[in-house]
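Worksheet: the structure to be examined is printed underneath.
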Amino acid sequence: MPVLQTDQAGFLLDGQPFRLLSGGLHYFRVHPAQWADRLHKARLMGLNTVETYVPWNLHQPRPEQFRLDGGLDLPRFVELAAAEGLHVLLRPGPYICAEWEGGGLPSWLLAEPDMRLRSRDPRFLAAVDDYFRRLLTPLLPHLASRGGPILAVQVENEYGAFGEDTAYLEHLADSLRRCGIDVPLFTCDQPSDLERGALPGVLATANFGSRSAEHLAELRRKRPDSPLLTTEFWIGWFDRWGAGHVVRDPDDAARELDELLSAGASVNFYMFHGGTNFGFTNGANDKHTYRPTVTSYDYDAPLDEAGDPTAKYTAFREVIAKHAPVPEGPVPVRGPKLALPPVVLGESAELLTNAAALAPAVRSPRPLTMEELAQDFGFVLYETVLPAAGPVLLEVEQVRDRAQVFVDGRPVGVLERENHEHALAFTSPAAGSTLTVLVENQGRVNYGPGIHDRKGLLGKVLLDGAEPAEWSCRPLPLSSLADVPFAAGAPTPVGPAFHRGGFEVAAPADTFLHLEGWTKGNAWVNGFPLGRYWSRGPQASLYVPAPVLRAGTNEVVVLELHSAHRARTVEFRGTPDLGPIGE
């Protein structure tokens, strides 16, 4: 029974000195058929542990629902780690940040207009207690205290950057204990926030990516009787739309790692393998300006988005070998990749004219938010009647996050939260014309006070200073495309439309969907949601995991929100395009 203990000198496992050599690997960002491959490569790099967050919002999409199946089968992921000889650090939240939609907090919490997240709001604590009970009960057999691989469990996440309510953290720790967690607990914070996020009697750890000796010395001063652990050793970074692809020099990161290990510290790489924000799951940041994160979570990590070793893999393996045993043998080879001729998307269906086939509408005297519509991700389609012909000024108190505006189906403009846009002037052709506003949730904010991030049209919406008497509010989560009425041979639609095409595959392998000539939208292969694309970059391709494909006929669907490729073609290539290097 591998029991983890702590003392000033470091960690003890079964009474013997033990150094945590861990790497971040989020099961929910990796196709489940590829979990074993990524875990095997973690061990071959010299790691003895993997770390994962847990996304509450996916596991409990509604208060009465809880999922531990398919790509959310966390017990299976833990079992695979154990089969590979790896321990596990579990970070269940409830808040995880992770550049993940809403920091992992479920959107239904925000249906309460005055809900206070990450606080002692009784409604929030009751929801967290229920979540912990549902999540942790099936994981109890996998605790190290019962012979399993889970060595330790985190309390909250970087709470010191958000608040300083120790009683809130104590409630979470008590809740974990009541659920049967009897392995060590730990907190993690950036060094300057450590005291606000720490909890008496719980191991405090630090997050940083540089100045290792300085930060470790500070951690030692603040916690002289505890082991040194960097829970997030930042060796790369994430990208946002409209900026460059962020990378970090492998040699620089390796030098920092050597300095950290030479100080006797334990480490968890953030990330070992980043993976992908499939579907609508990317988060966003808002420090006075809203900045959504891209689909790829490649993170410039030791394993790239497709699970292939990078220069960092080799550099880190060599550093680890100076401090601990590393499995013999070569670095794993890159996996096979698939390249195909251009695929024609010959079938289409307009979104606006077919919206009624996708979901029913709700009538309301004001625009309802996504949360009020019990909707997590996707779009909301709002419609109202224009009372007269002539010039119109549309004013929206808050656009969350991007609103395409149409009059009788014709586009008249776009309002973007990122650009702080709240008003749009256009002309109504006649009394009784239909005003349509298609609002995209581009990702709920995952860090800071902005996590209270409701989506849709918020606050007052005015037409020439007056509020319309009634709105139609239609949720479009697009969790299934089965009811999209595709038709062949029609001219290329103008405005939001689905486009579908078929292609043949002899032997499935990883590939990358390239969308040059398309503007903005989402893509699916065989019903699997690959994520968002946007011509503003930096990302210009979407990762397609091999298990998504099948031998024989496959289909690709693209939801284009603006202008489709003139030839309505896409390409599957053997290499990704994450964009030009930049900040």
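Per-residue answers, yes or no, for (1) within 26 Å of Leu58 (Cβ to Cβ); (2) open to solvent by 10 Å² or more (accessible area, probe 1.4 Å):
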| position | (1), (2) |
| --- | --- |
| Thr314 | no, yes |
| Val380 | yes, no |
| Ala389 | no, yes |
| Arg402 | yes, yes |
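Among the residues of the range 324-352, those that are of a type outside the set (Gly, Ala, Ser) and modelled with pLDDT under 95 comprise Glu328, Pro330, Val331.
Among the residues of the range 93-107, not a single one is over 30 Å from Val267 (Cα atoms), among the aliphatic types (A, V, I, L, M) and in contact (Cβ under 8 Å) with a residue 24 or more places away in the chain.
For the range 351-358, indicate whether the set of residues that are among the polar types (S, T, N, Q), within 30 Å of Thr569 (Cβ to Cβ), surrounded by fewer than 23 Cβ atoms within 10 Å (Cβ to Cβ) and over 24 Å from the mean Cα position of the chain (by Cα) is non-empty. Within the range 351-358, one or more residues are among the polar types (S, T, N, Q), within 30 Å of Thr569 (Cβ to Cβ), surrounded by fewer than 23 Cβ atoms within 10 Å (Cβ to Cβ) and over 24 Å from the mean Cα position of the chain (by Cα). Of all residues in the range 404-430, those satisfying the criterion of being open to solvent by less than 50 Å² (accessible area, probe 1.4 Å) and polar (S, T, N, Q) are Gln404, Ser428.
Taking the range 258-269, which residues are of a type outside the set (S, T, N, Q) and crowded, with 24+ Cβ neighbours inside 10 Å?
Ala265, Val267, Phe269
Counting residues in the range 187-204 that are of a type in the set (Lys, Arg) and under 27 Å from the mean Cα position of the chain (by Cα) gives one or more. Scanning the range 365-382 for residues that are over 18 Å from Asn441 (Cβ atoms) and either part of a strand (DSSP E or B) or in contact with a His (Cβ under 8 Å, 6 or more places away or on another chain) (or both) gives no hits. Only one of the numbered conditions (1) of a type outside the set (Asp, Glu); (2) open to solvent by less than 40 Å² (accessible area, probe 1.4 Å); (3) touching a Phe, Trp or Tyr at 6+ places or on another chain (Cβ under 7 Å) is not met by Tyr159, and that is (3). Taking every residue in the range 134-148 that is more than 17 Å from Arg91 (Cβ to Cβ) and pairing it with any residue that is open to solvent by 30 Å² or more (accessible area, probe 1.4 Å) and aliphatic (A, V, I, L, M), at least 6 positions away or on another chain, the pairs with Cβ-Cβ distances below 6 Å are Gly147/Met1.
Name the residue that is surrounded by the fewest Cβ atoms within 10 Å (Cβ to Cβ), counting only residues in the range 489-525 that are of a type in the set (S, T, N, Q) and at pLDDT 95 or above. Per the stated criteria, the residue is Thr519. For the criterion of being crowded, with 17+ Cβ neighbours inside 10 Å, in contact (Cβ under 8 Å) with a residue 12 or more places away in the chain and of a type in the set (Lys, Arg), Arg363 fails. Can you tell me which residue within the range 98-138, out of those that are among the aliphatic types (A, V, I, L, M) and more than 23 Å from the chain's Cα centre (by Cα), is most open to solvent (accessible area, probe 1.4 Å)? Restricting to residues being among the aliphatic types (A, V, I, L, M) and more than 23 Å from the chain's Cα centre (by Cα), the top hit is Ala126.
For the structure I just gave you, tell me whether Leu393 is at pLDDT 95 or above and surrounded by 14 or more Cβ atoms within 10 Å (Cβ to Cβ). For Leu393, the condition - at pLDDT 95 or above and surrounded by 14 or more Cβ atoms within 10 Å (Cβ to Cβ) - is not met. Restricting Gly448, Gly456 to those that are in contact with a Lys or Arg (Cβ under 9 Å, 6 or more places away or on another chain), within 30 Å of Ala389 (Cα to Cα) and open to solvent by less than 20 Å² (accessible area, probe 1.4 Å) reduces the list to Gly456. Taking the criterion of being buried (at least 19 other Cβ atoms within 10 Å of the Cβ), over 26 Å from the mean Cα position of the chain (by Cα) and of a type in the set (Val, Ile, Thr), the only residue of the range 526-569 that qualifies is Thr569.
For the range 36-51, the set of residues classified as more than 12 Å from Phe316 (Cα to Cα), of a type in the set (A, V, I, L, M, F, W, C) and either in contact with a strand residue (DSSP E or B) (Cβ under 7 Å, 6 or more places away or on another chain) or buried (at least 24 other Cβ atoms within 10 Å of the Cβ) (or both) consists of Leu39, Val50, listed by residue number.
Pick out the one residue from Leu549, Leu542, Leu559 that is closer than 22 Å to Arg291 by Cβ and at pLDDT 95 or above.
Leu542
The values are calculated or read from the model by the stated rules, or taken from the named source; none is laboratory data. None of these values were measured; they are calculated from a predicted model. Quick reminder, even Gly has a Cβ in these numbers, built from the backbone with ideal geometry, and neighbours come from all protein chains shown. With ligands, DNA and RNA removed, areas are computed over all heavy atoms of the protein, side chains included. Shrake-Rupley method; radii C 1.70, N 1.55, O 1.52, S 1.80 Å.
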